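Asker: Pasting a structure here, questions to come.
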Amino acid sequence: MLNLKTNRLNYGKLISPPEGFELTKAIGTTYSLDLYALLAIPVALFYAKSMEGDFQLNRYDVLDAIRKSTEKVDIFCQRGKIKVPTNYNNLLSFMEGCIEEVHPPIVDSSFHPKLWVLRFESDDETIYRLVVLSRNLTFDRSWDISYFCDGTPTTQVQKQTKKISSYLQSFYKTSGRKINQRFFTELEKVVFDIPDGFSDFEIFPIDKFRSNDDGFDNPLENIKYKKMIIISPFLDITTLKKLKKNSRELTVFSRKEELDKLDHNQLRGMELYCLNPLIAVGEDFLETEGMESMSQNLHAKIFIGDTGEASDWFMGSANATSPAFDRNVELLVKVHTAEKIKRLKRIKWELLYQQGTLFGQYIPTEEVIESEEESINRKVRELSYYLTKQSFKGLVEKNSNNENYSLKLNIDLTKVKNDAFIIETRLIHRKDEFKYLETETLNKLEFNNISIVNLSSYLIVNIQSKGELKGSVTIKMEVDIPKEREDVIFNNLINSKVKFFEYLQFLLSPEKLKGSLLIKDSMNQNTDETAILQDVLGMNNSIYESLMFAASRSPKKLIEIDRIIQKLEKKDSSVLEDFMPIWTVFKEFANA
């Protein structure tokens, strides 16, 4: 079940459409969000590709996938937990409207669920997919767990999917985001498949931001088992004692540094194991040319309770911590099994012996005293929370003497207190121009000479102490961006006949695109554009033939091409002049 060699899953494959189906709606939730990982998501959703490759570069597949995503993909994440990008790509602007941030009611709580609900459609069938994860929407390479299943709509409302529907709709209602009622009504009637060897599928939304009257509580609060295994990267002694009280035997798998923080006198009667620290930092010892080493620490959250006759598995986002039980928004899925190879005893054996040296018995170290760095990190978290809670209002104005824009900001920090850090802000695409922010006052700032393609809803706020960066947050402003921004970005990318025909070839027949998927910035001076066009339009890659095939088999592609042509005609029709005589033959199919 947890064999690391044979049961590893690719994030991209988990959310890719079944063969013959296309995505109609996707709703995802995550605690933290990497914007470039978000760029990778549409490529998986629309082209069934893995989340691999450099998504900081302009690519035809990324451009096309994100263009399709704006009305089909919604992502909810915790406000202030969008990772600050190392470099800015204009394509990120296409995804801004997909993101909705959730701000917790108190500093020590988190919006923490990690799941996807996806709707796929073919000519005569609809499939829903549920993916429950312990992993955030980032490129993190830690050890995580996932549960996924497909289902189809029925004619009757189902108890479990009604809970999912109600849970997700609450995020829409809180944010004021438009609800697709047809989607949620159909979701309530879906019956999901259950993996072989399991039964009794249950979904447990945990929402401590709302009243307990909704019944969205942590199920592990009161269930009693003879034995329990906890796999959790983060722990606290209060929660462990609570779970130990409900189980005769408690076995804990966690990170060594987390176990070190606990009061060891209160851990008696528990079996404790930790991830091998060498495995967590193993990439540091590998020669991975061109790839930055990253931690491979434990991040999976699994609770397995055994009654003596069968075992229950709980998987999802919740750690064995008080916030996960008392203050957070989380999600767990539960399944039941009586098969020996899936029971607690067998899983414990696999983790300790079949996986080699992955886990070892925890040996307590001397009492760990909170370091100065941990104290600073806690203060930075608190300051970040209160900063992201405030109003960041922007006004975009076009310059009178050129085509660029200015951004005027009103940042109200009158309710934020700070006596320990220096706070500064910058535009997401400019690393060297900073404006200082003062707390307990209304800040009025202005950034000038911004091109329309670099206008963004996001600001970067840095928190410094003694000349060192202690924290950074990406904050979404209340600002109206010119509607033509995306069209200008698109036209700047597809700005030559070669790029247009390469993009067209990708749209019609992705498998026939020669060479790289990269959209090259410019052509080499020695490049013969005519020769490239002949190659793209040659006998073996006939655009005309591909258009004929699309007209008979995939007319939706022609509609997409017509929309692209309309965008390009607004700026430079010369890009299209070699194609328009061909298009006149097929345009009627797009308008049919």
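The values are calculated or read from the model by the stated rules, or taken from the named source; none is laboratory data. For clarity, every value in this text was computed on a predicted model and none was experimentally measured. Neighbour counts are summed over all protein chains in view; Cβ atoms, including those assigned to glycine, are modelled from backbone coordinates with ideal geometry. To get the accessible areas, we keep the full protein, side chains included, count just its heavy atoms, and leave off ligands, DNA and RNA. Shrake-Rupley method; radii C 1.70, N 1.55, O 1.52, S 1.80 Å.
Asker: Residue by residue through the range 86-96, note down the ones that are surrounded by fewer than 21 Cβ atoms within 10 Å (Cβ to Cβ) and either charged (D, E, K, R) or over 14 Å from the mean Cα position of the chain (by Cα) (or both).
Answerer: Thr86, Asn87, Tyr88, Asn89, Glu96
Asker: Quick check: anything in the range 176-189 at negative phi, free of Cβ contacts under 8 Å to residues at least 40 places away in the same chain, touching a Pro at 6+ places or on another chain (Cβ under 8 Å) and surrounded by 18 or more Cβ atoms within 10 Å (Cβ to Cβ)?
Answerer: Taking the range 176-189 as the starting set, the residues that turn out to be at negative phi are 177-189.
Retained after the next criterion (residues that are free of Cβ contacts under 8 Å to residues at least 40 places away in the same chain): 178-179, 181-182, 184-185, 188-189.
Filter again for touching a Pro at 6+ places or on another chain (Cβ under 8 Å), leaving 189.
Restricting the remaining residues to those that are surrounded by 18 or more Cβ atoms within 10 Å (Cβ to Cβ) gives 189.
Checked the range 176-189: at least one residue is at negative phi, free of Cβ contacts under 8 Å to residues at least 40 places away in the same chain, touching a Pro at 6+ places or on another chain (Cβ under 8 Å) and surrounded by 18 or more Cβ atoms within 10 Å (Cβ to Cβ).
Asker: Looking only at the range 444-457, which residues are open to solvent by 10 Å² or more (accessible area, probe 1.4 Å) and in a strand (DSSP E or B)?
Answerer: The answer is Lys444, Leu445, Glu446, Asn448, Asn449.
Asker: Moving to a separate point now. Condition test on Lys25, is it among the basic types (Lys, Arg), in contact with a Phe, Trp or Tyr (Cβ under 6 Å, 6 or more places away or on another chain) and either closer than 26 Å to Ser472 by Cβ or modelled with pLDDT of 85 or more (or both)?
Answerer: yes
Asker: Quick one: in the range 103-161, of everything that is small (Gly, Ala, Ser) and over 30 Å from Ser254 (Cβ atoms), which residue is most open to solvent (accessible area, probe 1.4 Å)?
Answerer: Once the filter is applied, the top-ranked residue is Ser122.
Asker: Which of (1) assigned to a helix (DSSP H, G or I); (2) more than 14 Å from Asn297 (Cα to Cα) is the odd one out, the single condition Phe209 does not satisfy?
Answerer: Single failed check for Phe209: (1).
Asker: May I ask you to list the residues in the range 331-351 that are touching a Lys or Arg at 6+ places or on another chain (Cβ under 8 Å), of a type in the set (A, V, I, L, M, F, W, C) and farther than 26 Å from Phe216 by Cα?
Answerer: Within the range 331-351, Leu344 is the sole residue that qualifies.
Asker: Can I ask one more? Filter the range 168-214 for residues that are at pLDDT 95 or above and aromatic (Phe, Trp, Tyr) and give the result.
Answerer: Phe171, Tyr172, Phe183, Phe184, Phe192, Phe198, Phe201, Phe204
Asker: Under the condition of being out of contact with any helix residue (DSSP H, G or I) (no Cβ under 6 Å at 6 or more places or on another chain), more than 21 Å from Asn58 (Cα to Cα) and assigned to a loop (DSSP other than H, G, I, E, B), which residue from the range 490-546 is modelled with the highest pLDDT?
Answerer: Only one residue tops the list, namely Ser542.
Asker: Also, I was wondering about something else. Among the residues of the range 214-247 satisfying the criterion of being under 30 Å from the mean Cα position of the chain (by Cα) and without any contact (Cβ under 8 Å) to a residue 60 or more places away in the chain, which is least open to solvent (accessible area, probe 1.4 Å)?
Answerer: Filtering the range 214-247 for residues under 30 Å from the mean Cα position of the chain (by Cα) gives 214-221, 229-236, 239-240.
This time we only want the ones that are without any contact (Cβ under 8 Å) to a residue 60 or more places away in the chain, so: 214-217.
Numbers: Asp214: 73, Gly215: 52, Phe216: 16, Asp217: 59 Å².
Among them, the one singled out is Phe216.
Asker: Mind counting the residues in the range 212-261 that are polar (S, T, N, Q), touching a Leu at 6+ places or on another chain (Cβ under 9 Å) and in a strand (DSSP E or B)?
Answerer: Here the count works out to 2.
Residues checked against (1) of a type in the set (Val, Ile, Thr); (2) closer than 30 Å to Val461 by Cβ; (3) open to solvent by less than 40 Å² (accessible area, probe 1.4 Å):
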position	(1), (2), (3)
Gly360	no, no, yes
Ile363	yes, no, no
Ser375	no, yes, yes
Tyr386	no, yes, no
Gln390	no, yes, yes
Asn402	no, yes, no
Leu407	no, yes, yes
Val416	yes, yes, yes
Ala420	no, yes, no
